[in-house]
Amino acid sequence: MADLVFTQYGEPSEQDGRRVLVHSFSGFMDAGSAAQLAVSHLLETCESTLIGEFDSDCLIDYRARRPRMVYNVDHFASVDIPTVTLHELVDERGTSFLLLSGPEPDYRWQEFTGAVQDLIEMFSVGLTVGMIGIPWPTPHTRPVGVSFHATKPELLSGHTSNLGEIEIPGHVAALLELRLGEEGKDAMGLAVQVPHYLVQFDYPRAAIALLRALSGSAGLVLPTDELETAASAADAEIARQTQDAEDFEPLLNALEEQYDAGVSGDTAAAEEGGGTPLPDADQIGAQVERFLTEMDSHRPDSNS
C-alpha cells in the first residue's frame, strides 16, 4: 500500500461474485447535498461494520477544514476530526458491499488513490462506483436524471451522454476512476442532475435518484423509504417557495419545455410559443463548466 496510514479494524465478510466499492468524498461539489444525503442514509439504515480508516493527519488541512469542537462551561469536551472511513454495508437482499466516504483529501492525492487501489486489490473489489451531485438546467417538476460515466463502454448499459469534451477542476473521485481505468479495472461514476436553482439546498429527491441508479448499476437493493418522507416534505416546501416567487414561473416554464422536448426528441418544440430553445450538448457543457470554474475560484480559504 502507498505510504499512508490506514488502520484496519476488520475483514470484509466472504463474498460470492464480484464485490462492489461505493465511494463519495465531501468538499469538492455535491449539488443539493445529494451524495452526502445518500451516504448518510446508507450508514443509518443498512447493517454497517467499520473496516478501517485513514489517518487524517496525512490527508486533511485542518486550518482549511477546521474540526468542530465542543466547549462545555469551563473545558473542551470533544472534537470531531474529519476522517475517511471504509465500512462494509449489507443491502436489503443480504449482499455486502464497501462504502468509502469522508472528506476529500487536501493532500497526497496520488498516494491516496494508490492506497485505495491497493484496498481494491486486497478486498477483491470487482466494481468501483462514485457518487456526486451536479447542477443541471432542469426543472424540479420532472423526474431527476442521472449522468453515467465509466472506464469501459459496456458498463454504461445503453446510457448516453449529452456532454462533449469539457475541462473541469480535478477531484479525487475522478482521479481514482481515471487511475482504475488505466489499470483496466471496472469503475464508473453516477452524477445526479440537480436543478441549478436548488444546488445550495438539501434535495432528498436527488439522493433517491442516486441510490436507485446505484442499485441498477451495481446489482444492489438499497432502502429509500425514509428518504421518500424527507423528499416529500422538501418537494412541498420547494413548491411553496417557488409559487410565491412571481418571476420564477417563466423560468420554470422554459425549463419544463426544454425537458419535455428533450424527452420527446423534438428539439423544436421548446421554441414554440416563445419558449427557450433546448440547449445542445455544447451549451449544457458550457453551463456545467462555468459553474464548476466559478465554484472553484470562489471557494473560501476556510470552512467552519
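Each value in this text was obtained by applying a stated rule to the coordinates, not by laboratory testing. Because the structure is a prediction, the values reported are computed rather than measured. FYI the Cβ positions are ideal-geometry reconstructions off the backbone, even for glycines, and counts take in every protein chain you see.
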Per residue of the chain, what 222 nm ellipticity follows from adding -39500 (n - 2.57) for every DSSP H run with n ≥ 4, rounded to the nearest 500?
-11500 deg cm²/dmol
Using only the Cα atoms of the range 95-187, build the gyration tensor, take square roots of its eigenvalues as a ≥ b ≥ c, and label the shape rounded, prolate or oblate: rounded if a/c is under 1.5, else prolate if a/b is larger than b/c, else oblate.
prolate
FRET efficiency estimate (nearest 0.05) - Cβ-Cβ, Asp247 to Ile81, R0 45 angstrom
0.50
Return the loop-located chymotrypsin sites (Phe, Trp or Tyr not before Pro) in the range 21-76 (DSSP other than H, G, I, E, B) with at most 15 other Cβ atoms within 10 Å of their own Cβ; answer none if there are none.
Tyr62
Would you kindly state how much longer the chain becomes between Ser40 and Glu14 on full extension, computed as 0.36 nm times their sequence separation minus their alpha carbon distance, in nm to one decimal?
6.9 nm
Using the Kyte-Doolittle scale, find the helices of the chain whose mean hydropathy is at least -0.5 and whose Cα atoms extend 18 Å or more along the helix's long axis, counting only whole DSSP H runs.
109-122, 204-218, 248-264, 281-297
Relative packing of peptides 63-69, 244-250 - highest average C-beta neighbours within 10 Å first:
63-69, 244-250
Percentage relative contact order, the range 71-219, counting C-alpha pairs under 8 Å, at least six apart:
26
Taking 98-105, 222-229 and ranking on average Cβ neighbours within 10 Å, highest first, one gets 98-105, 222-229
For the chain, what's the radius of gyration and Dmax over Cα atoms, in angstrom?
20.4, 68
Could you tell me the distance between the Cα centroids of the range 171-200 and the range 98-152, to the nearest Å?
5
